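The values are calculated or read from the model by the stated rules, or taken from the named source; none is laboratory data. On a predicted model such as this, the values are computed, not experimentally measured, just so you know. Neighbour counts are summed over all protein chains in view; Cβ atoms, including those assigned to glycine, are modelled from backbone coordinates with ideal geometry.
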Amino acid sequence: MDEHIRAALLQIRAELRPDLPVAVLTGAGISAASGIPTFRGSADSLWENYRPEELATPEAFARDPELVWRWYDWRRAMIAAAEPNAAHLALARLAERVALTLITQNVDGLHQRAGSRGVLEFHGSIWRLRCTACGRTQDDRRVPLPIPPLCEACGGLLRPGVVWFGEGIDPAIMSGAAAAAQDCALFLVVGTSGAVHPAAGLAAVARDSGARVLEFNLELSAVSREVDLFVPGSAAETLPLLVP
Ligand code: BJW
Ligand code: ZN
């Protein structure tokens, strides 16, 4: 990493205060160092022949619920066997030093396992199931799941409690995330390609509201042109520089 980037990070670290409003948006890249494949640009998955746009949709689930459930069940097993990494742990520590709102697009629950509380799960949770017939939701950590899983209350087909393409974000989570982006002084974008909206738009909201925007990513993303400082490298190595 360039010396000037390291120096800028250390400067920002020296300016952290308990009342400094900070918002963070994380994506799949933060969990990559825990061994969880990202959605785009990783060819190490059994599922590399499918794009998320082909599986993470209500239409795919309607067409072939077993196929979609096998993908989620495979991911649940992988996540259950994984551990939070140094980047998740750094963000849990950050909450002790600033007024933090943590927004994650990830459904894996690794931030919570690292100790973060009040996480805004923008795209839901892979550990929550929702009945397509009666709407009942339940937490379910079984690995593997019976496929397809059925509702105990009504026998209906359960679906993952996540947000698929074309589905709206939970309004309370959307407004909490938008308010945090608008009101923060510092906005961190970590390990996201910035390809998926409305999550990707939060960085521009923060910037337009006057926040300083920092990005932590292996490579440039769709939001990189909106950031004040781009920190290259694995978030597991770079975020701990900001929050030792
Ligand atoms: C590392 C690293 C390391 C790797 N360290 N970095 C505006 C414009 C165009 C389209 C739209 C728009 N607004 C809405 C849309 C439509 C659509 C959309 O965005 N489409 C685009 C693809 C064009 N959006 C929606 O449909 C959303 N809903 C919506 O807008 O509703 C509106 C509505 C209103 C009224 C009625 C109805 C609807 C919903 C989007 C849902 C996304 N769902 C998924 C699946 C969730 C469940 C699951 O996990 O299965 O969310 S798709 C998938 O993509 C998942 C992710 O959260 C999301 C983002 O991916 P992410 O996290 O960025 O991962 P990657 O893989 O893309 O990137 C990884 C990054 O990490 C890379 O940059 C690497 O370099 C980096 N990296 N290792 C640091 N060690
Ligand atoms: Zn039901």
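Quick one: in the stretch 10-24, which of the residues that are under 23 Å from V205 (Cβ atoms) and outside any loop (DSSP other than H, G, I, E, B) is nearest to the chain's Cα centre (by Cα)? Looking at residues that are under 23 Å from V205 (Cβ atoms) and outside any loop (DSSP other than H, G, I, E, B), I get V24.
Determine if the stretch 141-156 includes at least one residue that is at positive phi, loosely packed, with under 13 Cβ neighbours inside 10 Å, within 16 Å of ligand 2 (Cβ to nearest atom) and at pLDDT 95 or above. Within the stretch 141-156, one or more residues are at positive phi, loosely packed, with under 13 Cβ neighbours inside 10 Å, within 16 Å of ligand 2 (Cβ to nearest atom) and at pLDDT 95 or above.
Is it fair to say R97 is over 18 Å from the mean Cα position of the chain (by Cα), away from ligand 1 (no atom under 15 Å from the Cβ) and assigned to a loop (DSSP other than H, G, I, E, B)? Judged against the criteria, R97 is a match.
Restricting attention to the stretch 134-155, the residues being in contact with a Leu (Cβ under 7 Å, 6 or more places away or on another chain), free of Cβ contacts under 8 Å to residues at least 60 places away in the same chain and in a loop (DSSP other than H, G, I, E, B) number 2.
Take I173 and decide whether it is among the β-branched types (V, I, T), within 16 Å of ligand 1 (Cβ to nearest atom), farther than 17 Å from D64 by Cα and assigned to a loop (DSSP other than H, G, I, E, B).
When the stated conditions are applied, I173 does not pass them.
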